[in-house]
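Notes for the one structure printed next.
Read the figures in this text as sums done on the coordinates, not as results from a lab. All values reported here derive from a predicted model rather than from experimental measurement. Glycine also receives a Cβ, built like all others from the backbone with ideal geometry; neighbour counts cover every protein chain displayed.
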Amino acid sequence: WDISLKVMILGKACLVLGALLLLHTTYSIVQYRNHLRLSDEEFVSLPLDLVLETVVFALLLLAGAFLTSEPFVTIAIADVYNSKPPSSVHSRMGFATFRHRLNVQPNSVRAAGAAGTGAAIAHQDLDHLD
């Protein structure tokens, strides 16, 4: 047997055991709360055995997830950039700006606003976009 197969089986066993302990702990907490309600006692905290059981199932689930996961892969960003031409590397459409579409001269807008005809000049500047 390969060592990675043994680790995978151990991880799956941890996951199954952790899930079973999760169900058992949940059921025990519900039973404990029902017992408090029937005996008219006030809830102060969970009993120590339920707290420890909670910690154990959490650690088992964490260990199982860690043991059954695939190994980490290094990020080799240089390989991605080396296989592409420079024009495609710099074309990032997620960062595209559209400021070039509105070609309004700042002086004409200020002058138009002062003269009260700003809407007409701005409309004329936007006609070339149609």
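In this label model, residue 48 and residue 16 are separated by 3.3 nm, measuring between points 7 Å along each Cα→Cβ vector. Extending 7 Å from the Cα toward the beta-carbon at both residue 23 and residue 35 defines two label points whose distance is 2.2 nm. Stretched out straight at 0.36 nm per residue, the stretch from residue 70 to residue 3 would grow longer than its current Cα-Cα span by 22.7 nm.
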